[in-house]
1. Scan the stretch 353-371 residue by residue and report those that are among the aliphatic types (A, V, I, L, M), more than 25 Å from Leu297 (Cβ to Cβ) and modelled with pLDDT under 80.
2. Does Leu252 satisfy the condition of being of a type in the set (A, V, I, L, M, F, W, C) and under 30 Å from Leu73 (Cβ atoms)?
3. Which residue is farthest from Asn344 (Cα to Cα), if the candidates are limited to the stretch 386-415 and must be in contact with a Phe, Trp or Tyr (Cβ under 9 Å, 6 or more places away or on another chain) and modelled with pLDDT of 75 or more?
4. Out of Leu88, Leu127, Leu100, report the one residue that is in contact (Cβ under 8 Å) with a residue 12 or more places away in the chain, outside the structural domain of Ala392 (by TED's automatic domain parsing) and crowded, with 19+ Cβ neighbours inside 10 Å.
5. Only residues in the stretch 297-309 that are within 19 Å of Leu265 (Cα to Cα) and touching a residue at least 12 places away in the same chain (Cβ under 8 Å) count as the first member; pair them with residues that are among the aliphatic types (A, V, I, L, M) and outside any loop (DSSP other than H, G, I, E, B), Cβ under 6 angstrom, at least 6 apart or cross-chain, and list the lot.
6. Six or more apart or on different chains, Cβ under 6 Å: which pairs go from a residue in the stretch 465-494 that's β-branched (Val, Ile, Thr) to one that's modelled with pLDDT under 70? Could you list them?
7. Here's a check for you: in the stretch 180-202, which residue that is assigned to a helix (DSSP H, G or I), farther than 17 Å from Leu277 by Cα and hydrophobic (A, V, I, L, M, F, W, C) is modelled with the lowest pLDDT?
8. From the list Ile9, Ile15, which one is out of contact with any Lys or Arg (no Cβ under 7 Å at 6 or more places or on another chain), farther than 16 Å from Ser168 by Cα and either at pLDDT 80 or above or of a type in the set (Val, Ile, Thr) (or both)?
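The values are calculated or read from the model by the stated rules, or taken from the named source; none is laboratory data. This one's a predicted model, so the numbers in the text were calculated from it and none came from an experiment. Methodologically, a virtual Cβ is constructed for each residue, glycine included, from the backbone with ideal geometry; neighbour enumeration extends over all protein chains shown.
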Amino acid sequence: MLLQDLNRIRQIGVIAARHGFGEWLERAGVWRMLGRREKVEVPAETQRISTARRFRMLLNDLGPTFVKLGQILSTRADLLPAEYIEELAALQDHVEPIPLEDVYARIRESLGQEASTLFKQIDPQPLAAASIAQVHRAVTLEGEEVVVKVQRPGIAERIDSDLGVLRSLAKLLEAVVEETAIYSPAGIIDEFDRAIHEELDFVQEAANIRAFQENHRNRPYMTIPQVHASLSSRTVLTMQFVRGVKVSQAQLSLEDRREVAGHLLDTSFRQLFEDGLFHGDPHPGNILVLEGNRVALLDFGVVGRLTRAMQETLVMLVLAVALKDSDSVARILYRIGAPDARANLMGFRNDIESVLGKYLTTKLGELDARSVLRDLLDLAVKYHIRVPKEYALLGRASVSIEGILRSLYPDLNVLEVAMPYAKELLADRYDPTQLQGGLMRTFLRFQSMAADLPTQLSQILLDLESGKFSVTVRAEQFDRLNESLRTAAIVMFLGLCACGTIVGVFISFAQTPPWQYNGMPVLGLLGVAVSAALFGATFTWYLFGNRIGFGKVRVSKWLGGSSKSLK
């Protein structure tokens, strides 16, 4: 770990303690790792705020990288309780705008020409200023109105530096937090790394926009802004200016509301069941209502992708939920969730049956999708079932769309609109005339299995006859025990080497050796350096290897908001 990383961790620790998380840092061993405990006073008003809100305020104070991490975590209802998801979803990514001169410099650096030679005019007042980029209205040399999205100078380097610190913190969490046996913090940071670098790459965002344009080219009610490729690069993105009103601010009659809601619901289902590419952040600011009740989507930095198999699984899940078939819902979630261990499927099914019976209705105005998703994801956590990030992102997007539709036209029948898409996808799957259909794939798999089965059975019988047949049994407990013993042996070996070296140092200092430096024995000085290195290596292995001697902290109750759970 670099010195600047330790300084940044100390800074993070101080800010975290200021927000009331000092006790948890003490239990987690952060101050022990840094070598000292920082004295931080917690304001009285901070102590009265809920833990979830303090966590959101903490991320906001830590800077843009942590704000983005919070926004990513707000899509993972399978990781955090609903209270935290709601708070993180409210994270505001608004910062002070950069000067117009810096915008011009960024355009010159990215596009190789002065802004005055590329644009007739750039509005000095930004439309939006976020931690990663800033958006300005502009006019091209041909007179077309556009928006220019310019990446902030130095933001990529700052994010890379903070990612290094986050990885160090993730290793610490894996060492001290019990629940990380289910969800790996290092894996979450790797996912965040991919997501944030994809958002930093405006070439990827331009590719997402073109993909949406291709998918929606025959849907006249939907508008996707055009990308100006000659005025775009990895850090500058120029798009068509779409004139409209945010869906949350549009003044519409009841009939217009019904029509706009129908368009949004139609495009949502088509994205899921036809395109396999859906908007990952459809909040009201990214949806505009245009003339003629058409709608437009903005901001394609976060998108989700579904394979054909995932689409089919989603259809089966929707149908199972619609029919209140708790057994099918349990089996589908169990299959897609990659459980860490064998789960109690019967108990999972019974709990799902309770959730469906509690919430499920057909009218949107009576359907609480947020509560349904929250309870289903809580059950997944309870039974140690990991929900893939694509489904978690889809869950967040669905809740956002559901909220918009509820405000527009609460009486819209979701199942009535969804069923035609589900039937069409199922029909394609089992159409024997379609080579890509699921029925043909199933037949080919069965034929291959039938052809291989005699050979495989013959091999097993021959191995049994010759005594070569063996069965390998793995036990997770034995693996952990073996790892603990190996770590203990290494720590003991390094400690003994360090102790032996110190004894040799004392002997060297007690004698008058031929090699001296400023009156000090050279071999003794080398022994001090070697013993210090051995002690440092031993302590590092002890701290991060397997946390021998330290108990892990359980944070489940703490996430629920009780500070007493840490005691």
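1. The answer is Leu356, Leu360.
2. Here the answer is no, as Leu252 does not meet what is asked.
3. Here the residue is Ala397.
4. Within the list Leu88, Leu127, Leu100, the selection yields Leu88.
5. Phe300/Ile209; Gly304/Leu393; Gly304/Leu394; Arg305/Leu277
6. The qualifying pairs are Thr487/Gly545; Thr487/Asn546; Val491/Thr538; Val491/Trp541; Val491/Tyr542.
7. Residue satisfying both the conditions and the ranking: Ala181.
8. Exactly one residue qualifies, and that residue is Ile15.
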